[in-house]
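Shown next, in structure tokens, is the structure this report addresses.
Bear in mind that the values in this text are calculations on the coordinates, not laboratory data. Nothing here was measured: the structure is a model prediction, and the numbers come from that model. Note that each Cβ is placed from the backbone with ideal geometry, even for glycine, and that neighbours are counted across all protein chains shown.
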Amino acid sequence: MYGWIWRHLPGNAWVRALISLVLVLAVVFVLFQYVFPWAEPLLPFNDVTVDEGSGATR
Amino acid sequence: MAGRAVGELFITVGVLMLLFVTYQLWYTNVLAERTADGAVGSLREDWAAGAGGAAAPKAFEPGQGFAILYIPKLDVKVPVAEGVSKTKVLDRGLVGHYAEGALKTAMPGDRTGNFAVAGHRNTHGEPFRFINRLQPGDPVVVETREAYYTYEMTSILPQTPPANVGVLRPVPEGSGFTGPGRYLTLTTCTPEFTSTYRMVVWGRMVDERPRSKGVPAALAG
């Protein structure tokens, strides 16, 4: 997959490296800003409340 | 070629997990600090603007901030919002007041009852990270639009199952309190970084001071 992306990027090695870096940063940004905040309440970590059945806030 | 794809998949999943841990342990605290500071500021503005004006609303919307909680010993200053929703309250760095359904608890201004709140032990500002270090007698102050309510820590339940809702009762089970009174309950998770059990800390109100009389001794100096 990564090899395929590399081969399809334009320019010489330096330009490709730069574009790759931008792509990586964009992915990290999307993950931190949208994906992780969405996924977090669905995962059974960090439940701090007492509640009946304890399923309500998970 | 198939072996290579599988390898890349594993590496990707590993990096993804590391990134998620980074997000949890670092980035959520950065975000929570920002929102909590903002919420404290806007609460103070609202109170200053409303001073002497219209009466405070009888009920607060879920997610709406209405108080500031101070634990001087732990250097904690955190806004309290209505409800214990993860997305609306707890994961925004706020402490949540048990205010809905069967788990509804009293407000600090009520004549008797138990003001119960939940907060994160880790991540999202981790306001309750070190509540296990509180000793009997340590002050916890709740500031609202009307007054400063000073509580004194009385007892701790180091570990209890998450289904133990008796700890939220008006006279909390296991707290050692025997009759009706004005109590404070803090709940968080334990051991740290897990959700296996809950830790509960109780306090009893020792002072109620109208805002007009200034900050209580526990916050001064």
**Charge context of B:Leu31, other residues only, Cβ under 15 angstrom, K/R +1, D/E -1** = -1
**Prompt:** Angle, helix B:28-50 long axis vs. longest principal axis of chain B, Cα atoms, 0 to 90°, nearest 10?
**Reply:** 30
**Asked** Given the convex hull over the Cα atoms of the range B:165-220, what projected area results after averaging over all orientations, in nm²?
**Response** 5.6
**Message:** Inside 10 Å of the C-beta atoms of A:22-33, what's the mean count of C-beta atoms belonging to other chains?
**Reply:** 2
**Request:** Please work out how much length the chain gains when fully extended from B:Glu146 to B:Val13, using 0.36 nm per residue of separation minus the C-alpha to C-alpha distance, in nm with one decimal.
**Result:** 42.7 nm
**Complete:** Pseudo-spin-label distance B:Ala49 to B:Val30, built 7 Å along Cα→Cβ, given in nm, is 3.0
**Message:** Around B:Met205, under 15 Å between beta carbons, what's the net of Lys plus Arg minus Asp minus Glu among the other residues?
**Reply:** -3
**Message:** No solvent, one uniform scatterer per C-alpha: report log10 I(q)/I(0) for the protein assembly as shown via the Debye equation at q = 0.09, 0.14, 0.17 1/Å, two decimals.
**Reply:** -0.49, -0.96, -1.34
**Request:** On a 0 to 90° scale, report how tilted helix A:13-30 is relative to the longest principal axis of chain A, with both axes built from alpha carbons and the result rounded to the nearest 10.
**Result:** 10
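Quick one: net charge around B:Lys73, please, counting Lys, Arg +1 and Asp, Glu -1 for every other residue with C-beta under 9 Å from its C-beta.
Within the 9 Å Cβ shell, the charges total -1.
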**Item:** Qualifying lysines (Cα of each under 23 Å from Cα of B:Lys104; at least 8 residues distant if same chain)
**Value:** B:Lys58, B:Lys86, B:Lys88
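Could you calculate the FRET efficiency of B:Ala2 with B:Ala163 from 1/(1 + (r/R0)^6), where r is the beta carbon distance between them and R0 is 30 Å, rounded to 0.05? Numbers along the way, then the final one.
On the way: r = 47 Å, r/R0 = 1.57.
Taking R0 as 30 Å, the efficiency between B:Ala2 and B:Ala163 is 0.05.
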